[in-house]
Amino acid sequence: MLAFLYNHNVMEQSSYIKSQPNLDAIFAALADPTRRAILSRLVEGQACVNEIAAPFEMSQPAISRHLKVLERAGLIERNIDEQRRPARLKAENMAVAVDWLEEFKAFWGSRFDQLDDVLFNMKLAHKKETGDE
Amino acid sequence: MSNLPEYKLTRTFNAPREMVWRAWTDPDLLHRWYGPNIETVIHQFDLRPGGSWLNEMKMGDKSDFSKMVFQEVVPVERLVWHHSSADAGWNVISNPMMPDWPRMLLTTVIFEDMGDKTNVHLSQLPIEATDAEIACFAAAMAGMDHGWGGGYAIMDELFVELQAGD
């Protein structure tokens, strides 16, 4: 968690965090396969609801609801000036969530790597002791 | 209890069980691996049910504090503790950035004797958690198992695109 803490401090200093939405909302938004598919589609570029809905067996209102969840989580933004209201990806917020998860995932794994080293040295020391006897 | 989201990790260590147990329960050995490349101070290590492990990881003038309270201590076989973030006064706190992250994780470590090797099974699940905490942890665990594979792929593509755009 420490690298995370560091990132957090850096972000705080750069006031990045002020513009940052709730990570809980991002996790919840990403937990749904349709919404992940929508994000994948938006990687290719901005799109409006009917374009996004086309590959899904889902009504446009249903897709609109998913878009609202993504928008509230800060993962996409929609251009209010244009009539078609195309949706666009805001990847930097997702990066924060992915970082968080990476950090959690790496926590025990990196410690276990270190434990391997400690055990190796313990075995060396043990061999030396028993060898001397 | 059984349908709570759970984090699981198993690793085989190339050392006999007694030695692995010692590396986990002797603070002089524990601090060497628990905070890799970081100055780790174990302020208290009271290895008995109800006893605490107070851990500080220092980075410059910042510290990351965690408080572990042992629930079960079965020598060479099993360690169970409640794992929490803490403030500098060792009060359990929720994460400032992610308030719905579980405040307390029930952490179980099982040491399985494999002769001159040892399997270590670690699991963490939310305890005394609110529905929001359970949902948050469930979403994170879902991401660990089968991807937000999606999420990472999206990030990768996006970074390529952003770099190409420069």
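Taken over the stretch B:57-90, the criterion of being modelled with pLDDT under 95 and of a type outside the set (Gly, Ala, Ser) is satisfied by B:Met57, B:Lys58, B:Met59, B:Asp61, B:Lys62, B:Asp64, B:Phe65, B:Asp87. In this structure, does A:Leu23 turn out to be crowded, with 20+ Cβ neighbours inside 10 Å, at the interface with chain B (Cβ under 9 Å from one of its Cβ atoms) and farther than 13 Å from B:Ala139 by Cβ? It is false that A:Leu23 is crowded, with 20+ Cβ neighbours inside 10 Å, at the interface with chain B (Cβ under 9 Å from one of its Cβ atoms) and farther than 13 Å from B:Ala139 by Cβ. When B:Ala140 is tested against (1) in a strand (DSSP E or B); (2) touching a Leu at 6+ places or on another chain (Cβ under 7 Å); (3) closer than 16 Å to B:Pro5 by Cα, only condition (1) is not met. If you check A:Ala125, A:Ala53 for being buried (at least 18 other Cβ atoms within 10 Å of the Cβ), farther than 30 Å from B:Phe137 by Cβ and more than 8 Å from chain B (Cβ to nearest Cβ), only one passes: A:Ala53. Screening B:Gln71, B:Gln44 for residues that are in contact with a Ser or Thr (Cβ under 7 Å, 6 or more places away or on another chain) and over 16 Å from A:Arg111 (Cβ atoms) leaves exactly one candidate, B:Gln44. For the stretch B:1-76, the strands (runs of 3 or more DSSP E) that sit wholly inside it and include 2 or more residues that are loosely packed, with under 13 Cβ neighbours inside 10 Å and either free of Cβ contacts under 8 Å to residues at least 24 places away in the same chain or within 14 Å of the chain's Cα centre (by Cα) (or both) are B:62-74. Scanning the stretch B:81-131 for residues that are without any contact (Cβ under 8 Å) to a residue 60 or more places away in the chain, surrounded by fewer than 17 Cβ atoms within 10 Å (Cβ to Cβ) and not in a loop (DSSP other than H, G, I, E, B) turns up B:Val92, B:Ile110, B:Asp131.
The values are calculated or read from the model by the stated rules, or taken from the named source; none is laboratory data. These numbers come from a predicted model, not from an experiment. Positions of Cβ are generated from backbone atoms using ideal geometry, with glycine treated the same way; all protein chains shown enter the neighbour counts.
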